[in-house]
Each structure stands twice: as structure tokens, then as C-alpha cells.
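Just so it is clear, none of the values below were taken in a lab; they were calculated from the coordinates. Keep in mind the model is a prediction, meaning the values are calculated, not measured. Please note: Cβ atoms are built from the backbone with ideal geometry, for glycine as well, and neighbour counts cover all protein chains shown.
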């Protein structure tokens, strides 16, 4: 056999992902290169997946064979559902803005305070464009990408971990950016900086030292809208009812302050403040929660409580959203349409 058989292998660490703080002006219209400014560090195993759905006559009679004799493409879909990264100040703002939909900004200079809440004024998701370089030759934009879910895992040491899933309408635009931006200068939000306050409304207490771990998940229940006449791509992406859940592990102590609020269905306030710098903060606020589950467990030989709540037990009271999240960073605004 002829030789040689060598080729240029493609290492995963050379892959690139570039995000934008901007939303698209219209569906099916990718953002320009100038709007793609955030080069994101990410788990190199994450893959932008473009799937093709086809029809064929395989299951029909009258063709003289059990095999298909014709077929065609009926739709394209895009999804990016294996994204994992350490949570930086910029990524926190990006993910929460495009998932929750409402960004109220205060401050005239950095650090800016972004307060994110679920936008219930529309069922239409917010489209943005991502750019990816998977190999030396495979480089492309995917417009119409919308964030479906975000999971934040806060442990005792290291950076908070973020897992994000996005869906799109199936469009993909081949070609390289003129200039890929330099990697962002990031400040990471650390679990060791996370301070939990929890307890009955009006009198929550600090749980520093006893707070062991928290997982927060937010969801949009996105559906790609397809209809006759729309061609092979989705027309837009629509939202379902917003969902969220919080799961926290707390070390038990000699006097109970966890199981009692569960059995009495006591309304509690939950605030988790992560302060990793003047322009790198995250504050999760649930003003009124009733615990959905409370389970006893162990961490080694230490007794712990595993408590959970979600959108069915965290109530909107007096017009105050059941969950809001603040991010302090150096980004002036998210969700704007580029000029």
C-alpha cells in the first residue's frame, strides 16, 4: 500500500467559540462580525450539532423492494446542548440575559449592575448568533440561537460551573470571521465566595460554614416554530412557561432550623451572594420559597439536609418576581440590537 499515511490532527483546544452581547435585529439574519466580541473558554468536547431530518418511501408498498427508492431532506435543526464552562462575570451576564429575557441595568460606569428576571411579556425567545471554529477548515456562524436552559453548580472550592443548552432554527452560514477576538479577560465567580442566607421571611440567617453545595437550574422550555410554507428551517423559536429549581445541601446542627420550616410550610427567603470582586458578583434572590422536599443524608459521617424548591413552591408576592438574579460586571448592556 502507498505511503505515507500521516495527516494534520486537529486538537480540541484549538477550537474557538465566539459570542455576542447583542441580539439579532431579525430572525434568520446573522449578526455581523463586529458584534461578535466575546471569545469564550469552554469544554472542548462541546459540539454544535446540526441535524437533518429526511423522508423516504421505505415503509410504503408498491415499490417492489423493502428498501427505500427515494428520499429528500425535510428540515434542518441546530442545537448546542453540551456547553460547559467555568462561570466568569461576563458569561454569567450573557447566559442569564438571553435566557431570562429582561436586563435592568443600573450604573453609569463599571461595575454595572444587571438585574435579570423572566420576561413574561412575550412567548418569543431572543435570537443571537454564535461563531464556531471546529477544525482548521470548518468555521461557521449559527444565527437564531436561543438559550433553553442553564445550570449553575456551586461547590465549596473552585469556579462555579455552568452548563448551557441552546437551540436554533437550523441555519448555518459557512465561512471564517475576518478577525477572531482575543480571549476575554475573565474574573471567575468562585464557590468559596458564595454566602447563603436562608430562613423565615423577615428573619433569614447566615449559613456560611453549613452551606455545602447548591445547584440552580433555569429553563425556557423552548420549541422551534415550524409551519407550512416556512421551508426547511424554523421560522422562529418560542418559549414555554419558565421553570427554575434550586437544590441546596446544608449541614445539620444540634438545634433544628431546616426540618421545622419544611413541616410547617414556612415561607422562607433564600439569598445566595457570590462576591469575587467589585465587578464580579452574582446574587440569587428568592424572596418567598416553601420547601418542596427535605431529605436527610450524610457527607462522610456528617449529617446533612438536602432541600429543594422550584417554581411551584416559590411564589410571586406583591408583584415581586419569584426569582431574580443580579450580576455585577463591566459589560454596559446585553440584548441590544447592534447599531
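Data table
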item	result
Potential extension, residue 192-residue 25 segment - 0.36 nm per residue separation minus Cα distance	56.2 nm
Rg/Rh (Cα only; Kirkwood hydrodynamic radius) as it applies to region 232-275	1.26
Distance histogram in 10 Å bins (all Cα pairs of region 19-79, percent per bin)	16, 26, 25, 15, 14, 4
Region 90-142-region 47-89 distance, computed between alpha-carbon centres (Å)	28
Inverse mean reciprocal Cα-Cα distance (Kirkwood Rh) of region 180-258, Å	17.4
Value in Å of the Kirkwood radius, where region 168-220 supplies the Cα pairs that are averaged	16.5
Against the rule of thumb 2.2 N^0.38 Å, how large the Cα Rg of the chain comes out	1.15
For region 1-122: relative contact order, % (alpha-carbon pairs under 8 angstrom, 6 or more apart)	17
Rg/Rg_ref, region 27-131, where Rg_ref = 2.2 N^0.38 Å and atoms are Cα	1.64
Principal axis dimensions, region 101-196 - Cα atoms, whole angstrom, descending	46, 36, 30
Helix 89-100 vs. the chain, principal-axis angle (Cα, 0 to 90°, nearest 10)	80
Centre separation in Å (Cα based) which lies between region 282-309 and region 180-209	16
Label point distance in nm, residue 279-residue 257, each placed 7 Å from Cα along Cα→Cβ	3.6
Gain upon complete extension [residue 135, residue 120; 0.36 nm per residue less C-alpha separation]	1.4 nm
Residue-averaged [θ]222 nm for the chain, counting only DSSP H segments that reach four residues, each worth -39500 (n - 2.57)	-1500 deg cm²/dmol
√(5λ) per eigenvalue of the Cα gyration tensor, region 204-339, largest first, Å	35, 20, 15
Cα-projected label distance for residue 208 with residue 316, points at 7 Å along beta-carbon direction, nm	3.4
Order by protection proxy (mean Cβ within 10 Å, highest first), peptides 316-328, 140-152	140-152, 316-328
Sites residue 295 and residue 174 - FRET efficiency at Förster radius 45 Å, r taken between beta-carbons, to 0.05	0.35
Hull-based mean projected area of region 122-175, where the convex hull spans the alpha carbons, in square nanometres	5.5
Taking the chain and dividing mean pair separation by its residue count, relative contact order in percent (alpha carbons under 8 Å, at least six apart)	20
